[in-house]
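**Q** Please find one structure pasted underneath; my questions will follow.
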Amino acid sequence: MAGIEDGGVIDLVTVDPATGEYAVIMTEMRPWGSAPEQPDQLIEKINTYAAFVLDEDFVSRFPDASGRKIRIQIDCSGPPDNATAEIIEMAAARLAEYSIAVTVNQLGSPN
């Protein structure tokens with residue numbers, strides 16, 4: 001997957017089998033706060049995802065998504081630091097106006 005370092009790429013689109021909700025997933029495997037460009041990369045990636053989900057092209061590519069809940073999910077290796085949490089909270093508040101959730105999914109550590 002491209003990750004947040006590649007702001008113009010949609011990493012993954014899945015359907016939650018339990019809820020039928022569409023998840024548009026981005027990944028970040030670097031620790032939060034580990035790169036000075038990381039906050040700007042996250043903002044760019046969230047904007048790309050929001051534009052994709054709000055565009056008619058999303059439903060034309062995924063016709064079953066029409067009328068279903070959609071979330072933007074950030075898969076990451078650790079909990080967001082304060083600066084990252086603020087970015088995510090701001091995005092969540094803005095996208096809630098369009099009934100789009102923003103969630104963080106902290107992945108387990110590799111063994």
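The values are calculated or read from the model by the stated rules, or taken from the named source; none is laboratory data. Remember, it's a predicted structure, so these values are computed and weren't measured experimentally. Reconstructed Cβ throughout: ideal geometry from the backbone, glycine too, with neighbour counts over all protein chains shown.
**Q** Residues to consider are Ile87, Ile72; find the one that is in contact with a strand residue (DSSP E or B) (Cβ under 6 Å, 6 or more places away or on another chain), among the hydrophobic types (A, V, I, L, M, F, W, C), surrounded by 14 or more Cβ atoms within 10 Å (Cβ to Cβ) and at pLDDT 95 or above.
**A** Ile72
**Q** Of all the residues that make up region 13-45, how many are of a type outside the set (A, V, I, L, M, F, W, C), more than 24 Å from Pro79 (Cβ to Cβ) and modelled with pLDDT of 95 or more?
**A** 1
**Q** When you check Gly8 against the structure, is it closer than 16 Å to Thr103 by Cα and modelled with pLDDT under 95, yes or no?
**A** Taking the combined requirement at face value, the residue does not satisfy it.
**Q** Further, regarding this structure: Looking at region 46-57, is at least one residue over 15 Å from the mean Cα position of the chain (by Cα), closer than 16 Å to Gly8 by Cβ, at pLDDT below 95 and loosely packed, with under 14 Cβ neighbours inside 10 Å?
**A** Scanning region 46-57 turns up at least one residue that is over 15 Å from the mean Cα position of the chain (by Cα), closer than 16 Å to Gly8 by Cβ, at pLDDT below 95 and loosely packed, with under 14 Cβ neighbours inside 10 Å.
**Q** Restricting the search to region 11-36, which residues are over 14 Å from the mean Cα position of the chain (by Cα), among the charged types (D, E, K, R) and either surrounded by fewer than 13 Cβ atoms within 10 Å (Cβ to Cβ) or over 17 Å from Ala101 (Cβ atoms) (or both)?
**A** Residue satisfying the conditions is Arg30 alone.
**Q** Here is a list of conditions, (1) farther than 18 Å from Thr84 by Cβ; (2) of a type outside the set (Val, Ile, Thr); (3) in contact (Cβ under 8 Å) with a residue 12 or more places away in the chain, and Pro17 meets all of them except one; can you say which number that is?
**A** For Pro17, the exception is condition (3).
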